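S.K.: Mind looking over this structure? Questions follow.
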Amino acid sequence: MLSAEFRFYSALSTLNSALRLNGIELSLIRQINALATPLSANLGIGEPNVEPDDTFRELAKRATMASWHYSANAGNLSLRKKLASDPNEICITAGTQEALYAIFQAYVDPGDEVLVPNPGFVSYATLAKICCATPVPYNLEPPDWQIGKLPITNKTKLIVVNSPSNPLGSVVGEEKLREIANAGPLVVSDEIYREIWYDAPPPSMRGMSPNVITVDGLSKSHAMTGLRLGWIHARADLLKPIITAHQYIATCVSVFSQALAEAIFDAKEWNAQWLDGVRQQFRTQRDAALYAIEREFEVKLDPPRGAFYLFVPSPVCDTLTFAKTLATDAAVLVIPGIAFGTNGEGFVRISYAASVADVSTGIERIGRWLRSAGR
Ligand SMILES: Cc1ncc(COP(=O)(O)O)c(C=O)c1O
């Protein structure tokens, strides 16, 4: 007869999470956002402060009338046809996050190396670790955050590129993108911010070489973060194992979200106006943020060329403690640069996906806190 104590402890050990999740926690972004109160000026968020207009809501109402049954694993053919001339080159995914997960599951083995931008979006290194692979950071260096030499070895399986960049708002030039596309390994180009630009549309890596896989979606351009609609574009044979992985992750994407995406692409004139409006709103918020930062931090930053983030040199060295203190003592949320990799230390990410009033108030609160702390 087993003692109750033995049964208790053996049950506990079976509850250990899988080794592949060792050391992986909720991201620092989530941890900082958990400190928000109703009075916080939230400049930590990565989602657009944009609400659907009447036409958008009407499109959504109509989308509810489409079939509620499973679609093909790769997504409805009619939607895939709108995203590429060859629908076999598209897989619809539950946002770009699932797209990235499926790609890593399909291609990355234990022991492989995955090149990730430093600083860069938090998921890339984590996804490599979940595959028991090694994330190898490549440097993006201030002040202009350009990509230098890539540390490619014979173990490099994937190179991840993100332009426009979260957290930098920088855009990689076409020539550099072509060089990376033809460097040898598979390339995953995360283009989720491609529609959010200020001077000129950023170049896409789609089609730059047979090795390129692009991911994109409607989360940022259409403020549809909760509807989980993204897609992958790749050569049909490259896409095949990704669709297999996607089947076991999601089966298919919500058919409501797919029907809404189709309606958006069909409403061409409205969609063009919508995107112009989104860009205009972010430009106004960006300029308000730049103005407030220049006044409060006494630094003049180059305006970001895409996305909705400013990566600001921090007057306080330990940016994690700084961000936590600002959250609790000054009621303003920003993300410590270290959340995005070692090259991010010394910076904070300020998201201007917030109203002009919140952007101005938040940055003013930081300035007031710095002055009261004698910084
Ligand atoms: C660079 C980047 N890639 C991917 C994502 C994931 O977006 P989603 O899964 O909503 O498409 C985000 C979200 O913040 C992001 O910033």
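The values are calculated or read from the model by the stated rules, or taken from the named source; none is laboratory data. Small disclaimer: the values here were computed from a predicted structure and weren't measured. All Cβ positions, even for glycine, are placed from backbone atoms using ideal geometry, and neighbour counts span all protein chains on display. Side chains included, ligands, DNA and RNA excluded: accessible areas come from the protein's heavy atoms. Shrake-Rupley method; radii C 1.70, N 1.55, O 1.52, S 1.80 Å.
S.K.: Given (1) under 25 Å from Gly173 (Cα atoms); (2) buried (at least 23 other Cβ atoms within 10 Å of the Cβ); (3) among the hydroxyl-bearing types (Ser, Thr, Tyr), identify the lone condition not met by Ser123.
M.R.: Ser123 satisfies all of (1) under 25 Å from Gly173 (Cα atoms); (2) buried (at least 23 other Cβ atoms within 10 Å of the Cβ); (3) among the hydroxyl-bearing types (Ser, Thr, Tyr) except (2).
S.K.: What about Val212, is it at pLDDT 95 or above, more than 16 Å from the chain's Cα centre (by Cα) and among the β-branched types (Val, Ile, Thr)? Show your work before the answer.
M.R.: Working: at pLDDT 95 or above: yes; more than 16 Å from the chain's Cα centre (by Cα): yes; among the β-branched types (Val, Ile, Thr): yes.
Here the answer is yes, as Val212 does meet what is asked.
S.K.: Is one or more of the residues making up segment 172-184 among the charged types (D, E, K, R), open to solvent by 20 Å² or more (accessible area, probe 1.4 Å) and in contact with a Pro (Cβ under 8 Å, 6 or more places away or on another chain)? If you could, list the steps in order and put the result at the bottom.
M.R.: Restricting attention to segment 172-184, the residues satisfying the condition of being among the charged types (D, E, K, R) are 174-176, 178-179.
Still in the list and also open to solvent by 20 Å² or more (accessible area, probe 1.4 Å): 174-176, 178-179.
Cutting the leftovers down to in contact with a Pro (Cβ under 8 Å, 6 or more places away or on another chain) gives us 174.
Yes.
S.K.: Need at least 1 residues that are in contact (Cβ under 8 Å) with a residue 12 or more places away in the chain and among the aromatic types (Phe, Trp, Tyr) per element, so show me which strands (runs of 3 or more DSSP E) inside segment 57-172 make the cut, counting only ones lying wholly within it.
M.R.: Once the strands (runs of 3 or more DSSP E) in segment 57-172 are filtered for at least 1 residues that are in contact (Cβ under 8 Å) with a residue 12 or more places away in the chain and among the aromatic types (Phe, Trp, Tyr), what remains is 134-141.
S.K.: Then there is this: Going through Thr225, Thr214 one at a time, which residue ends up being away from the ligand (no atom under 11 Å from the Cβ) and touching a residue at least 12 places away in the same chain (Cβ under 8 Å)?
M.R.: Sole residue among the options that is away from the ligand (no atom under 11 Å from the Cβ) and touching a residue at least 12 places away in the same chain (Cβ under 8 Å): Thr214.
S.K.: Would you mention how many residues in segment 14-35 are under 16 Å from Ile338 (Cα atoms), in a loop (DSSP other than H, G, I, E, B) and open to solvent by less than 50 Å² (accessible area, probe 1.4 Å)?
M.R.: Residues that pass the stated criteria total 2.
S.K.: Take the conditions in contact (Cβ under 8 Å) with a residue 40 or more places away in the chain, more than 21 Å from the chain's Cα centre (by Cα), under 22 Å from Leu28 (Cβ atoms) and not in a helix (DSSP H, G or I) and apply them to Pro304. Does it pass?
M.R.: No: the conditions fail for Pro304.
S.K.: Can you pull out every residue in segment 193-211 that is within 24 Å of Phe104 (Cα to Cα), open to solvent by 10 Å² or more (accessible area, probe 1.4 Å) and either β-branched (Val, Ile, Thr) or touching a Ser or Thr at 6+ places or on another chain (Cβ under 7 Å) (or both)?
M.R.: Once the filter is applied, which keeps residues that are within 24 Å of Phe104 (Cα to Cα), open to solvent by 10 Å² or more (accessible area, probe 1.4 Å) and either β-branched (Val, Ile, Thr) or touching a Ser or Thr at 6+ places or on another chain (Cβ under 7 Å) (or both), segment 193-211 yields Arg194, Ser204, Arg206.
S.K.: Farther than 21 Å from Gln31 by Cα, of a type outside the set (Gly, Ala, Ser) and open to solvent by less than 20 Å² (accessible area, probe 1.4 Å) - does that describe any residue in segment 308-321?
M.R.: no
S.K.: On to the next question. Criterion first (open to solvent by 10 Å² or more (accessible area, probe 1.4 Å), modelled with pLDDT of 95 or more and under 30 Å from Leu19 (Cα atoms)) does Gly111 satisfy it? Give the steps one after another, and end with the answer.
M.R.: On the way: open to solvent by 10 Å² or more (accessible area, probe 1.4 Å): yes; modelled with pLDDT of 95 or more: yes; under 30 Å from Leu19 (Cα atoms): yes.
It is true that Gly111 is open to solvent by 10 Å² or more (accessible area, probe 1.4 Å), modelled with pLDDT of 95 or more and under 30 Å from Leu19 (Cα atoms).
S.K.: While we're looking at this one, here's another question. Can you tell me which of Asn49, Asn73, Asn88 is open to solvent by 30 Å² or more (accessible area, probe 1.4 Å), more than 26 Å from Val136 (Cα to Cα) and within 16 Å of the ligand (Cβ to nearest atom)?
M.R.: Asn49
S.K.: Please count how many residues of segment 173-187 are more than 16 Å from the ligand (Cβ to nearest atom) and either in contact with a Gly (Cβ under 7 Å, 6 or more places away or on another chain) or not in a helix (DSSP H, G or I) (or both).
M.R.: 6
S.K.: While we're on this one: In this structure, is Pro38 over 17 Å from Val188 (Cβ atoms), out of contact with any helix residue (DSSP H, G or I) (no Cβ under 8 Å at 6 or more places or on another chain) and either open to solvent by less than 40 Å² (accessible area, probe 1.4 Å) or more than 16 Å from the ligand (Cβ to nearest atom) (or both)?
M.R.: Yes: the conditions hold for Pro38.
S.K.: Okay, moving on. Report, by residue number, each residue of segment 215-244 that is open to solvent by 10 Å² or more (accessible area, probe 1.4 Å), within 11 Å of Glu89 (Cα to Cα) and either at pLDDT below 95 or part of a strand (DSSP E or B) (or both).
M.R.: Trp231, His233
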